[in-house]
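The values are calculated or read from the model by the stated rules, or taken from the named source; none is laboratory data. Just so it is clear, the structure is predicted and the values come from calculations on it, not from any experiment. When we count neighbours, we look across all protein chains shown, and the Cβ atoms used for this are built from the backbone with ideal geometry, even at glycine. The protein model used for the area step is the full one, side chains on, heavy atoms only, and it has no ligands, DNA or RNA in it. Shrake-Rupley method; radii C 1.70, N 1.55, O 1.52, S 1.80 Å.
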Amino acid sequence: LYLFPTKALAYDQAQKLTQLELFGRVPHATYDGDTHRDERSAIRRAARIVLTNPDMLHVSILHNHALWSHFFRNLSYIVVDEAHAYRGIFGTHVSSIFRRLTRWCDHYGATPQWVVTSATVGNPVEFVGKLTKQNVIHVNGGDAPRGRRVFAMWNPPVTKGAAPKRRGAGGEAATLAAALVKQDARTIVFTRARRSTELLYKAWVSMVSATINGEALAERITPYRAGYTKEQRRDIEQRLFSGELMGVVATSALELGVDIGSLDAAVISGYPGTIASTWQQSGRAGRRETESLTILVASDNPLDQFLMRHPSYLFETGVENAVINPDNPHVVGAHICCAADEGLLGQEQILGMFGERAGYA
């Protein structure tokens, strides 16, 4: 069972598994909200690897555990990818979902090994222990290919006039991105909101008038954000991976590990709010062995200006700890109701799944 925070990640990983000779012969499938109902029964019967997300685990798989009994009996591994996404209240809910999942693994006689991965968690042992309620062995280090990375801190200039102020981060990011794609650098720009994604995209396109092989460069730039249909998302992801697109402006929907091919540059419009998110977004560029460039464009936000004056804070401070509270009574109470709907619960089971504080839920 292979779990991802988003549908896009599950789809991306399924595509890569299909391309591998070994996994090409192993039945595998993506099981999420986009999976057609006619395909679901076949996936339950035949798939050896199921790629899904906690939402689908919560609303479908656990609720219909009897239909998944064959899969549960033979379950050997539970892989949780991009684990840093499961922090805060979202991660607190996911920790209860994982406890419900463990209940049905025990019921059907399976003792799967958990494999949890992340490169941007400051407290991996503590966090994963709380998230999965499993004993944790920390394996550190990685050997993924990585070229030289150049990181630039860009503070927009102050405008002249009666009320001087800094130029907007969005306009500066669009200008930098336009210069990069004109130099044949495949570029991703990150913004913090859907609205700013569309505004920055329009500004970026208006600055690009060059052509490459007779094709307008502006037509090879696109926005990507939550709210697009499945078909739109898949089309953009495939065009990015194939190299057809030269540029994309996105929210954090593309911050996680979707393999979008080899990009040359990442422009971050405004500090994302955490060091972990900054490195996640920077990591979208240069994912092979080529050199890459990241430009962090500051806004007028005091935190952004602090980083411009003290860049060492970004580079010398480790990524933040991931914090969740599996004992949150408001969350636990709701999941006890879900677990009871999945199958009868006794007091000992409740305490075994959710801990002694479950009595306060």
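From the set of residues in the stretch 5-51 that are among the hydrophobic types (A, V, I, L, M, F, W, C), at pLDDT 80 or above and part of a loop (DSSP other than H, G, I, E, B), which is surrounded by the fewest Cβ atoms within 10 Å (Cβ to Cβ)?
Looking at residues that are among the hydrophobic types (A, V, I, L, M, F, W, C), at pLDDT 80 or above and part of a loop (DSSP other than H, G, I, E, B), I get Val26.
Considering only residues that are touching a Phe, Trp or Tyr at 6+ places or on another chain (Cβ under 9 Å), open to solvent by 10 Å² or more (accessible area, probe 1.4 Å), not in a helix (DSSP H, G or I) and not charged (D, E, K, R), which ones fall in the stretch 75-89?
Leu75, Tyr77, Val79
Can you list residue pairs whose Cβ atoms sit under 7 Å apart, with the first residue in the stretch 25-43 being more than 19 Å from Glu231 (Cβ to Cβ) and the second being open to solvent by 100 Å² or more (accessible area, probe 1.4 Å) and not in a strand (DSSP E or B)? Count only pairs 6 or more apart in sequence or on different chains.
Val26/Arg48; Pro27/Arg48; His28/Arg48
Could you tell me which of the residues Thr102, Thr92, Thr120 is among the polar types (S, T, N, Q), in a loop (DSSP other than H, G, I, E, B), touching a residue at least 24 places away in the same chain (Cβ under 8 Å) and within 22 Å of Asn325 (Cα to Cα)?
Thr120
Any chance you could count how many residues in the stretch 264-287 are modelled with pLDDT under 85 and touching a helix residue (DSSP H, G or I) at 6+ places or on another chain (Cβ under 8 Å)?
Number of matching residues: 1.
Does at least one position in the stretch 178-200 carry a residue that is modelled with pLDDT of 90 or more, assigned to a loop (DSSP other than H, G, I, E, B) and closer than 16 Å to Gly270 by Cα?
There is at least one residue in the stretch 178-200 that is modelled with pLDDT of 90 or more, assigned to a loop (DSSP other than H, G, I, E, B) and closer than 16 Å to Gly270 by Cα.
Which residues, taken from the stretch 284-298, are crowded, with 20+ Cβ neighbours inside 10 Å and of a type outside the set (D, E, K, R)?
Those that are crowded, with 20+ Cβ neighbours inside 10 Å and of a type outside the set (D, E, K, R): Ala285, Gly286, Ser292, Leu293, Thr294, Ile295, Leu296, Val297, Ala298.
A quick yes/no check of all residues on (1) of a type in the set (Phe, Trp, Tyr); (2) touching a residue at least 24 places away in the same chain (Cβ under 8 Å); (3) crowded, with 21+ Cβ neighbours inside 10 Å:
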site: Val158; (1), (2), (3): no, no, no
site: Gly161; (1), (2), (3): no, no, no
site: Gly168; (1), (2), (3): no, yes, no
site: Ala177; (1), (2), (3): no, yes, yes
site: Thr191; (1), (2), (3): no, yes, yes
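For Lys133, are the conditions met, namely being over 30 Å from Ile350 (Cα atoms) and open to solvent by 60 Å² or more (accessible area, probe 1.4 Å)?
Here the answer is no, as Lys133 does not meet what is asked.
Only one of these conditions is not met by Gln281: (1) touching a residue at least 12 places away in the same chain (Cβ under 8 Å); (2) over 17 Å from the mean Cα position of the chain (by Cα); (3) at negative phi. Which number is it?
Status for Gln281: all satisfied but (2).
Here are the criteria: (1) within 21 Å of the chain's Cα centre (by Cα); (2) at pLDDT 80 or above. Tell me which single one Gly227 does not satisfy.
Going through the list (1) within 21 Å of the chain's Cα centre (by Cα); (2) at pLDDT 80 or above, Gly227 breaks only (2).
Among the numbered conditions (1) modelled with pLDDT of 90 or more; (2) open to solvent by 30 Å² or more (accessible area, probe 1.4 Å); (3) not in a helix (DSSP H, G or I), tell me where Ile324 comes up short.
(2)
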